[in-house]
Amino acid sequence: MKASTHKDISIGIAAFFTLLLLGTFPVMAQQSAAYVGVDQGKWFSSVSTDRARYVPLAAAEFSVAFRQPANGKTLVVVYEHLDSLVGSDTLIVQTPDSVSWSWQVPAIDYRGYIVEVFLYDSGSLLDYTDIGLDVSSNWSKFPRYGFLSSYQNMPQEEIDSTISVLNRYHINGLQFYDWQYEHNQPLAGTVQDPSPTWNDIANRTNYLSTVEGYINAAHQRGMKAMNYNLLYGAYGNADQDGASDTWRLFQDPNHQSPEFYQLPSSWASNLYIMDPGNQDWRDYIFAQERKAFLAIPFDGWHVDQLGYLGSLWNYAGEPVDPTSAFASFLSQAKSQLNVDLVMNAVGQYGQQEIAQAPVDFLYTEVWDPDSTYGDLVKIISDNSSYSQNRLSTVLAAYMDYNLSSGYFNTPGVLFTDAVIFAAGGDHLELGEHMLSNEYFPSAKLLMTGALEGDLVHYYDFMVGYENLLRDKETVVSLPLSAEIGSTSLALSSQPSRGSVWSQVTTKGNLVILNLVNFTNANSMAWRDRYGTQTYPDTLSEIKINFPETTRIKNIWTASPDFHGGSPSDLSFVQSGNSVSFTLPSLLYWSMVIIRLDTTITPVNGGQTGLPKSFSLGQNFPNPFNPTTEINYRLAAAGRVALKVYDVLGRTVATLVDEREEAGKYSVTFNASSLPSGVYIYRLTDGSYSKIKKMMLLK
């Protein structure tokens, strides 16, 4: 069914969300209390969107499937950007198995959202789930790269099923690995009459209908389709196809030993390495790629290489450094083909040169000696520096590399993703299967159902908070200390065994702490070659202290490991230059966001002047019992109303209803006569309206 906003809803729930929609509304779920007694997943089987990304003002189509009949119950949907509510929908479920609805996404480009979905029955919360949503007109800002590697004859239903799974992870671009006929002639047949089948380099039979079926399905989901090929690979008999042997690179200055990559004897050919700086080779391979793009609707070229190959010479006996040709090769490819470009920097080989070329983002296939979690962080940082903070990073980092069968190690995968995502990167790992090997068709390991579910939360989190993780944040140093009870908790500025890695970044008036729990890790080797990484212990009630001279407006947290990544408000104490707060729990990865107060300005030698804007603070303490303090600021004089409502929209207290002058105010709310639960407080002054929610726990 389709649902338009606020139709066929109960009076109480309608009133509650109508109130929420009256202004600009930071809204918080209380991590420790909001979902007490809710058996998550008892009702919701899945939640999905129709696309991996949306252009501004597009209609996003949502669908929820139920495990048991839910007709007649109320579905409440909350759309949040960071910790601010931007909209909601409420509808009555009319069919037992599923419900669908539309939401017109906001007009602001390059923004991530967390969408919370709640199921109610007679005002009682039955279940909740979350999903991320990305509004980006171009995939290159926040790439989430996946792959395809098998193109046998497939029914469209199987193709659609694979793309649907990748869409749930919000994969917005696909590398079509080894789709091609020959590396020096990727298209089999002609532009006018492409071959329906061909054998690839491994002598697998690939089907044009499958390649095109995947591309069409990807396009319908907002995904880019990238044509994989080397920039310098050619078959041994390429001279018969017009690629001269004199364009090759050689292991000696006398062109006696051509450089090549040896492949199994059962394969079609070894790969001979052509000189990427040779203009004749460039003209040849660009012409061959142009045929592929004209015949098959790929969006771009994923350009591969083989990394450092040792000392090399061209046919004339001149020494050649292939990296010196990378940037000009890519620039010419862009000019001649006019397609999206991505190039693999194998082990970071040539990445500085690639970063100066017209690529959509930087892509690194990670190999030794970059073997630790800290090395992953450094690669992402280096790539940002190489591109002057312009380009995002995707890491091809293969997990559990030495396992020959069985399942991926869940903590190994989640630690690696937590580090990559927290550092601002993306992990190429998902396709028809999860990657464990540089030969993408290899599918020797499986994901457990639990890991699949965990990764959904991790990708939702990366999407929902992309503006805090991947949007030009600045890494800074902040002296932090932490303790659990009376015991000090080790914090480290780099991923280290036996400690919590704390990376601190800033963006505008936000300070962002990413905390990754390595206190119980048995290794800092990210690849987890034999799948032996240990599960972390959950750390609870972590008191964190840090110095801060600027007044703090609020502190909140979110984690892919708890409540689907929903934001949760944190109480804090700021005394002098010292700030402390308590993080309720840390499993693998939690993020804490500190919003500095920029609504007031120091004047007259540092004294505080009048507020610059209308604002409503989060009550403190929260949760509370039975009293709490609510602060607000007025930029101009006017009549002010501050009221408290229950979840049914009924007024339970009027705290202020009078004319007030511009300034800062504090009001105490005593809820001794009210039952435990969620309450809404709303401040209006005639021109503005702001709403927040609080939790009373008795």
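Assorted remarks:
- Label point at Phe286 placed 7 Å out along Cα→Cβ; residues across region 226-258 whose backbone nitrogen lies under 16 Å: 231-232
- Estimated FRET transfer efficiency when R0 is 51 angstrom, pair Asp39-Asn254 (beta carbons, to 0.05): 0.10
- Rg to Rh, two decimals, where region 611-696 supplies the alpha carbon set and Rh follows Kirkwood: 0.96
- Here region 113-243 carries DSSP beta bridges of which approximately 60% are antiparallel, counting only pairs with both residues inside.
- For region 177-183, backbone phi angles converted through the Karplus equation (6.51, -1.76, 1.60; θ = phi - 60°) give residue-by-residue couplings of 6, 6, 7, 7, 6, 10, 5 Hz, Gly and Pro being listed as x.
- Amide H to amide H distances under 5 Å link Ser492 with Val500, Trp501, Ser502, where only residues 5 or more positions off or on other chains count and H is placed in the peptide plane.
- Relative exposure of Tyr401, Tyr284, Tyr681, judged by other C-beta atoms within 10 Å (fewest first): Tyr401, Tyr284, Tyr681
- Between region 62-141 and region 506-571, the Cα center-to-center distance that results, in Å: 26
- Equivalent ellipsoid, the chain (semi-axes from 5 times Cα gyration tensor eigenvalues, Å): 51, 28, 23
- Cleavage-rule hits, trypsin sites (Lys or Arg not before Pro), region 332-406, DSSP coil, Cβ neighbours within 10 Å at most 15: Arg390
- Our coupling estimate for region 544-551, obtained by passing each phi through the Karplus curve with A = 6.51, B = -1.76, C = 1.60 and θ = phi - 60°, is 10, 10, 7, x, 7, 8, 6, 5 Hz, Gly and Pro reported as x.
- In this calculation the C-beta distance from Arg204 to Ser371 is compared with R0 = 30 Å, giving a FRET efficiency of 0.40.
- Loop-located chymotrypsin sites (Phe, Trp or Tyr not before Pro) in region 444-534 (DSSP state not H, G, I, E or B) with no more than 16 neighbouring Cβ atoms inside 10 Å: Tyr530.
- Hz values of 3J(HN,Hα) by residue in region 492-507 - Karplus curve (6.51, -1.76, 1.60), Gly and Pro given as x: 9, 7, 10, x, 9, 5, x, 9, 9, 6, 10, 9, 10, 10, 10, 8
- Taking amide hydrogens as placed 1.01 Å from N in the peptide plane, the amide H of His183 sits under 5 Å from those of Tyr235, each at least 5 positions away in sequence or on another chain.
- Positive end of the dipole of the chain (Cβ unit charges, origin at the Cα centre): among Ser63, Asn437, Ala357, the Cα lying farthest that way belongs to Ser63.
- Centre separation in Å (Cα based) which lies between region 189-204 and region 409-467: 32
- For Tyr363, the residues whose modelled amide H falls within less than 5 Å of its own, excluding neighbours fewer than 5 places apart on the same chain, are Met343, Ala345, Val394.
- For region 611-696, a simple Cβ point-charge model (Lys and Arg +1, Asp and Glu -1, everything else neutral) yields a dipole of about 240 debye relative to the Cα centre.
- Given Lys224/Lys507; Lys664/Lys690; Lys73/Lys690, the pairs whose alpha carbons are separated by over 19 Å: Lys224/Lys507; Lys73/Lys690
- Computed extension gain for Thr197 through Ser46, at 0.36 nm per residue and net of the alpha carbon distance, reaches 50.7 nm.
- Distance in nm between pseudo-label sites at Thr190 and Leu510 (7 Å out along the Cβ direction from Cα): 5.6
- Mean silhouette area of region 361-506, derived from the convex hull of its C-alpha atoms and averaged over all directions, reads 10.1 nm².
- Each stretch of four or more DSSP H residues adds -39500 (n - 2.57); spread over every residue of the chain, this sum gives -5500 deg cm²/dmol at 222 nm.
- Cα→Cβ-extended label distance, 7 Å offset, between Glu452 and Ser63, nm: 1.6
- Sorted by Cβ density within 10 Å, fewest first, the residues Trp101, Trp301, Trp367: Trp367, Trp101, Trp301
- Inter-label distance for Lys664 and Asp241, nm, one decimal - labels placed 7 Å from Cα along Cα-to-Cβ: 7.1
- When the trypsin sites (Lys or Arg not before Pro) in region 124-221 are filtered for DSSP coil states and for at most 16 other beta-carbon atoms within 10 Å of their beta-carbon, the remaining sites are Arg204.
- Across region 474-596, counting alpha-carbon atoms alone, Rg and Dmax equal 14.6, 50 Å.
- Taking every DSSP bridge with both residues inside the chain, close to 80 percent are antiparallel.
- Residues His457, His183 arranged by fewest to most Cβ contacts within 10 Å: His457, His183
- Note on region 650-698: Rg/Rh from Cα positions, Kirkwood definition for Rh, rounded to two decimals, is 0.98.
- Once the Cα-Cα distance is subtracted from the 0.36 nm per residue extended length, the Asn577 to Ser442 segment shows a gain of 43.1 nm.
- The gain in end-to-end length when the Ile108 to Thr487 segment is fully stretched comes to 131.9 nm, 0.36 nm per residue minus the alpha carbon separation.
Laboratory data are not the source of any read-out in this text; all were calculated from the coordinates shown. Source: prediction; values computed, not measured. Ideal geometry is used to build each Cβ from the backbone, glycine not excepted, and the neighbour counts take in all protein chains shown.
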